1. Can we say Arg96 is over 19 Å from Phe277 (Cβ atoms), of a type in the set (D, E, K, R) and under 22 Å from the mean Cα position of the chain (by Cα)?
2. Could you figure out which of (1) touching a Ser or Thr at 6+ places or on another chain (Cβ under 7 Å); (2) touching a residue at least 40 places away in the same chain (Cβ under 8 Å) isn't true of Ile212?
3. In the set Ala402, Ala422, which member is aliphatic (A, V, I, L, M) and in contact (Cβ under 8 Å) with a residue 60 or more places away in the chain?
4. Condition first: closer than 13 Å to Ala422 by Cβ and either of a type outside the set (A, V, I, L, M, F, W, C) or surrounded by 19 or more Cβ atoms within 10 Å (Cβ to Cβ) (or both). Now tell me which residues in the range 443-456 satisfy that.
5. Quick one: in the range 1-60, which of the residues that are at pLDDT 80 or above and acidic (Asp, Glu) is nearest to Ile181 (Cα to Cα)?
6. May I ask you to verify whether Ser303 is of a type outside the set (Asp, Glu), part of a helix (DSSP H, G or I) and either modelled with pLDDT of 90 or more or within 21 Å of Val259 (Cβ to Cβ) (or both)?
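The values are calculated or read from the model by the stated rules, or taken from the named source; none is laboratory data. Predicted model only: the values in this text are computed from it and were never measured. Here Cβ is always computed from backbone atoms with ideal geometry, including for glycine, and neighbour counts include all displayed protein chains.
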Amino acid sequence: MQLLHKLFSTKCMVREKDCVGEIPASKEAYKKTFNLAWPSMTESVLVCLTGAVDTMMVGTISPQAISAVGITNQPKFILLSLIFSLNVGITAVIARRKGEQDQDSANRCMKQTLIVAFLLAILLFLLGNLIAEPLLRFAGAGEDIISDAVLYFRIIMVGIFFNSIGLAINAAQRGVGNTRISMTTNLTANIVNVIFNYFLINGACGFPKWGIMGAAVATALGNFIAFLMAVASIVPKKRYLSLFSKAKWRFDRHTMGSVSKVGFSACAEQVAMRIGFFLYAKIVAGLGTIPFATHQVCMSIMSISFGFGDGFSVASATLVGQSLGSKRPDMARIYASICQRIALIISTVLFVLFIVFRYEIVGLFTTDQIIIQEGAVLMIIMAFTTHAQTSQVIITGALRGAGDAMYVAMTSLLSIGIVRPALTWLLCYPVGLGLPGAWIGVMLDQFMRLGINFSHFKKGRWTTIKL
């Protein structure tokens, strides 16, 4: 009982000499954290669940269809890395301004970064369409799936134009703690996606049977709806963030300098991550269509556990940024630690579910017995990865919220950009473990990032960063 008290009590999460002010009661701090985290967690998990349902519905076509859609994931995220980097800067800076009670500066930041997001959205749309085929071939798409993969990719690039702007608005809303807006927009978009998947993949209710093209159109429609809802959230004049606030649209050095300080570091992280993920997917794709389909199914399942960690990562980034803005580094540590404790409980539940129901979970995606048998083996590796994955995601969220994105970028370069692809190739081919080797590589990568980032987090240098 005493051990549990030490583990979960707020007063045990920070040293007495580091306390700047009064430490809130555990119940109060956990309640504030959970109220901010649950919309982000719900959003992230439901988005991942929808992605899993997407894979299930595409899986009704063929294993080749799963591979064709799956091969587009990393190229898509490589193109989106600029937007993701910008969004890290947006959330960190607006959270800091919120903590400083500077509403005008928060709105100025939102307006200026929306202009940047719009320009980037145009660039991504044009670039994605121009280099679709060579990019997907380089990603590992074979002749049996390349035509479907290119068709799918070019259609979803239309949705990504709108998605990029919507994501920037949601990043700003997260900075002020409005995580429910992002949850609502993404939940609605994914419901639209699933509904139109049903109509357009197999031609239900009189709709055309478009197969993979139907799945792409459904995704693009969902992104467009999310965009409209995100814009609607900043139209009312009385909102904390509003398009019609008196804050200026004109670029100024201080605002963009603060965003760039975090955003450029986040960009380095994104480049390292996306190159690493890209190489990793390319190595796995080289194992063949069926192994890659199995891999894609299990990645869809793993994304659900990531979703829980990602939701608390958003809460951690927001609360850390606001606490540092309020000159309370002690509370920044406490909120990050609370997110870790809650995620520990959730990860333990997922560990049990992944072990006990591994065959049933994989069987939801396909009836192919080879995929089910091989996927069940990967589920065991996944279960032992879950705790490290959720924990390290929350720590990196806290560091980004503090503006320490450069450290996260360096660890990502080392672990994801170098160690994961190298280990995956070594274990898959020379050692001869095949697909399980690729997943052991993922597990080792997660534990490595957890160890490095946790050590840095404990030192506390991130609490002194100015934005």
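1. yes
2. (1)
3. On the way: Ala422 fails: in contact (Cβ under 8 Å) with a residue 60 or more places away in the chain.
The conditions single out Ala402.
4. Just the residues of the range 443-456 that are closer than 13 Å to Ala422 by Cβ, to begin with: 444-445, 448.
Asp445, Met448 - these are the residues of the range 443-456 that are closer than 13 Å to Ala422 by Cβ and either of a type outside the set (A, V, I, L, M, F, W, C) or surrounded by 19 or more Cβ atoms within 10 Å (Cβ to Cβ) (or both).
5. Glu28
6. Values: of a type outside the set (Asp, Glu): yes; part of a helix (DSSP H, G or I): yes; either modelled with pLDDT of 90 or more or within 21 Å of Val259 (Cβ to Cβ) (or both): no.
When the stated conditions are applied, Ser303 does not pass them.
For every residue, the table says whether it meets (1) closer than 17 Å to Leu80 by Cβ; (2) modelled with pLDDT of 85 or more; (3) not in a helix (DSSP H, G or I).
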residue	(1), (2), (3)
Gly142	no, no, yes
Thr188	no, yes, no
Tyr198	no, yes, no
Met213	no, yes, no
Ala216	yes, yes, no
Leu221	no, yes, no
Ile225	no, yes, no
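Here is a yes/no grid of residues against (1) over 30 Å from Leu427 (Cβ atoms); (2) in contact (Cβ under 8 Å) with a residue 12 or more places away in the chain; (3) among the basic types (Lys, Arg); (4) in a helix (DSSP H, G or I):
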| residue | (1), (2), (3), (4) |
| --- | --- |
| Ala232 | yes, no, no, yes |
| Pro236 | yes, no, no, no |
| Gly257 | yes, no, no, yes |
| Val262 | yes, yes, no, yes |
| Glu269 | no, yes, no, yes |
